[in-house]
Amino acid sequence: TKLTRREFLSFGGGFIAGFAVGAGISRLGGGGAPAAPASFAEIMEQRGLTQQDAIAALKTYTPGGKYDEFIMFASGGHSGQVLVIGVPSMRLYKVIAVFTPEPWQGYGYGLKETHEVLKGGYNGIRPLSWGDTHHPEISRTNAEFDGEWLFINDKANGRAAVISLKDFETKQIVKVPNTQTVHGGCFATPNTEYVAIVSQYATPWDPEKGGYIPGETYVELTEENYKKYFRGTYTFLAFDRKRGRFDLSKSFQIELPPYTQDLVAVGWGPSDGLAFCNSFNTELAVGGVLKGKPPLEIGMSQNDFDYLHVILWKKAEQYVKEGGGEVINGIRVIRLKEAVKEGLIYFVPEPKSPHGCDITPNGDYVCVSGKLDPVVTVYSVEKIKRAIEEKKFEKKDPYGVPVLKFDEVVEAQIEVGLGPLHTEFDDKGYAYTSLFIDNAVARWKLGPPYNEDGWKVVERIPINYNVGHLATPESNSPTPKGKYLVSLNKWSIERFPLVGPLHPQNFQLIDISGERMQLLYDMPIGLGEPHYAKIISIEKLKPLDVYPAGTDPLTFQPHPKAIQQGQERIERKQENGKWVTEIYATLIRSTITPDIMKAKVGDIVRIYLTNVEYTRDATHGFCIAEYNINASLEPGETGTIEFVADKPGVYAIYCTEFCSPLHLEMAGWLVIEP
Ligand code: CUK
Ligand code: CUA
């Protein structure tokens, strides 16, 4: 007998009620379930919560159907991915697959289109299946985040990726030429003409031709050679917004000395046309403890000053447009000597092994933290520009780069506490600096024109523990939104139950809307070390709910192999002397058509899958047993699976998303005939 919907529901409800009563009785040994708590006070008492806890809960709790005010894109660290998290609910909505194959999204596990993306970052030596993501960036219009594109770097392999915020999928990965590791960046120019990205550890360059080819360029590692032949790079990856791709042919790169470059920022307003990065290891140490040298970290921390790099990127762009520089390994490079001669690069002294490089909302100051010095040093952009113009140089570095006089460009130094790293801003003229050693966040007042009585610390809040970056909504843009601050902590120690010796990291949400900061929530992160996050107002995001019918998500254009229902077919033909079986298939609840897919052993098999649904959420998966293949086809999506039918057999194919009551029946066979 069939149940009506009403009967079904009432049956379900009765079942659940009965279950609850039964469970209550068994737990209480037959003593009867306690009455539902009636008041806040009772719940707080039962759960052992303080009033502060209850307030924090009310400030973060976001019931289903109500949306967060902000979305945070956090780097996934070693996972090579990007995390999408709601603020203030601190719920993880999605992990965007970027540098690491991800089976749920079929990324690198089936769809040919995604393999193409992953291949884009191939360095020519070996396939890479992970990344070390650090710094996400959102595309900008007039320096404001516009919510269209997301960029992120892979420190370990010197790569950068483009993610569309229409479908939250990765569209492109590129290897930054002449560079082994990249750290600072991604950071977009005010209208996303370029995405700036800077190397971290210097790369051995070819002594004759310059440049670096992975697996080919070898230079013996000696202190002498390091100074002479190792180089850093400051790269401006041209971004073609229409195509949504980096274009190396329009990109350019500036050769840097082998200091260890670190965080990047690109200016707007008064700093428009300028790009920055901090650095360390002006000592040019290379290590060598076994040879009696100081260990690397000591060798790198001798000097009292390292160099904030100032790059005049608009001037460099002009220089390149007029034919300056030379193409080395696929990108136009301005050699260091040339950059110095053309006045494209200047250094500014910055105290002891700094970290962080952050621009105040008006684009008027650059803040660099001491790391080994308890101060944040604030540089005035106007003063930097004037010092360059008036040639107020204190010396040249060993590579001939003019070093501006510290006193001429510094605006303020704020003693914030021990181990300052990164600074973020709000809408009320406050800055927030993370203090790694003190386990705290310092809130300090920016000086004029933000506050007449500024440049001083007003409050500190403890965090748990070892904070790296901070993130506030739309910081490092002209209009930060304030309200919340997320502290991205490396250690969680006892904040969460033990889940083995590898502890989750800890995102702590802090309310910064009031006079006093309040800690609201601890969110464990158990899949890598998220270094940085960018937070954007949710209304700036305009994602698709489904794709238009037959879309290739890579291009957002109609997929040439898309079909409609009724057009399913199998074709076998020869291509360049090889047999190819092409299968045009559709997916709809709860049918894969055709459900028997036949090919002959040795064939190249191409399956063109179109999800012909228009319903939100009606995603179908497509896996082939024992073939290491799984694809995900969102409503309206068309994608390609390609493989060689290397072994005869009958293999189950099935949908890997529980899509309907007959989901388990959404299956079929791949038949490879001998
Ligand atoms: S770095 Cu990780 S805490 Cu890569 Cu931005 Cu400062
Ligand atoms: Cu489609 Cu399960």
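For the stretch 70-540, what's the relative contact order in percent, using C-alpha pairs closer than 8 Å and at least 6 residues apart? Computed value for the stretch 70-540: 12 percent relative contact order.
Between Glu394 and Leu49, the distance separating the two model label sites (each 7 Å from Cα on the Cα→Cβ line) works out to 5.4 nm.
Kindly state, to the nearest 0.05, the FRET efficiency for Lys337 paired with Glu539, given R0 = 35 Å and r defined as their beta-carbon distance. Write down the numbers at each step before the final one.
Working: r = 49 Å, r/R0 = 1.39.
Once rounded, the FRET efficiency stands at 0.10.
Report the Cα centroid-to-centroid distance between the stretch 483-539 and the stretch 195-262 in angstrom, as an integer. Value for the Cα centre distance between the two parts: 34 Å. Look at the dipole of the stretch 551-673 built from charges on Cβ: of Thr610, Gly636, Gln567, the Cα furthest out on the positive end belongs to Gln567.
Over the chain, the Kirkwood radius and the radius of gyration, each from Cα atoms, give a ratio Rg/Rh of 1.02. Taking amide H atoms as placed 1.01 Å from N in the peptide plane, the amide H of His531 lies under 5 Å from those of Ser75, Gly77, each 5 or more residues away in sequence or on another chain. Residues whose amide H falls under 5 Å from that of Phe230, counting only those 5 or more places apart or on a different chain, are Trp205, with hydrogens built in the peptide plane. Straight-line cross-link reach from Lys573 at under 26 Å between alpha-carbon atoms covers these lysines, not counting any fewer than eight positions away in the same chain: Lys112, Lys561, Lys598, Lys600, Lys647. Debye calculation, C-alpha points only, no solvent: report log10 I(q)/I(0) for the stretch 66-213 at q = 0.13, 0.18, 0.19, 0.21 Å⁻¹, in the same order as the q values. Values returned for q = 0.13, 0.18, 0.19, 0.21 Å⁻¹ are -0.58, -1.05, -1.15, -1.33.
Residues in the stretch 364-374 carry Karplus couplings, in order, of 9, 9, 10, 10, 10, 9, x, 6, 9, 9, x Hz; the curve used is 6.51 cos²θ - 1.76 cosθ + 1.60 with θ = phi - 60°, and Gly or Pro positions show x. For Ala412, nonlocal amide neighbours, meaning residues 5 or more places apart or on other chains whose placed amide H falls under 5 Å from its own, are Val378. Kirkwood radius and radius of gyration were both taken over the C-alpha atoms of the stretch 551-673, and their ratio Rg/Rh is 0.96. Kirkwood radius, the stretch 141-215, all distinct C-alpha pairs, inverse of mean reciprocal distance: 13.4 Å. For the stretch 154-259, what value does the Rg/Rh ratio take when both radii are computed over Cα atoms and Rh is the Kirkwood radius, given to two decimals? Using only Cα positions, Rg/Rh for the stretch 154-259 is 1.02. Taking θ as phi - 60° and the Karplus parameters 6.51, -1.76 and 1.60, the scalar couplings of the stretch 405-417 work out to 6, 3, 5, 6, 10, 7, 9, 7, 10, 10, 7, 9, x Hz in sequence order, x denoting glycine and proline.
The alpha carbon radius of gyration of the stretch 52-122, expressed as a multiple of 2.2 N^0.38 Å, is 1.47. For the stretch 551-673, the share of DSSP beta bridges that are antiparallel, to the nearest 5, is 70%. Note on Lys94 and Phe496: with the Förster distance fixed at 25 Å, the Cβ-Cβ geometry gives a FRET efficiency of about 0.70.
Accessible area per residue for the stretch 404-489, computed on protein heavy atoms with a 1.4 Å probe, is 32 Å². Dimensions of the stretch 428-555 based on its C-alpha atoms, expressed as ranges along the principal axes with the largest first, amount to 59, 46, 21 Å.
For the pair Phe40 and Lys352, a Förster radius of 60 Å applied to the C-beta separation gives a FRET efficiency near 0.75, rounded to the nearest 0.05. The portion of the accessible surface of the stretch 551-673 made up by carbon and sulfur, rounded to a whole percent, is 51 (1.4 Å probe; DNA, RNA and ligands excluded). With all protein chains kept in place, the per residue accessible area of the stretch 553-674 amounts to 49 square angstrom at a probe of 1.4 angstrom.
The values are calculated or read from the model by the stated rules, or taken from the named source; none is laboratory data. Note that the structure is a prediction, hence the values are computed from the model and not measured. Positions of Cβ are backbone-derived with ideal geometry, glycine not excepted, and every protein chain shown enters the neighbour counts. The protein model used for the area step is the full one, side chains on, heavy atoms only, and it has no ligands, DNA or RNA in it. Shrake-Rupley method; radii C 1.70, N 1.55, O 1.52, S 1.80 Å.
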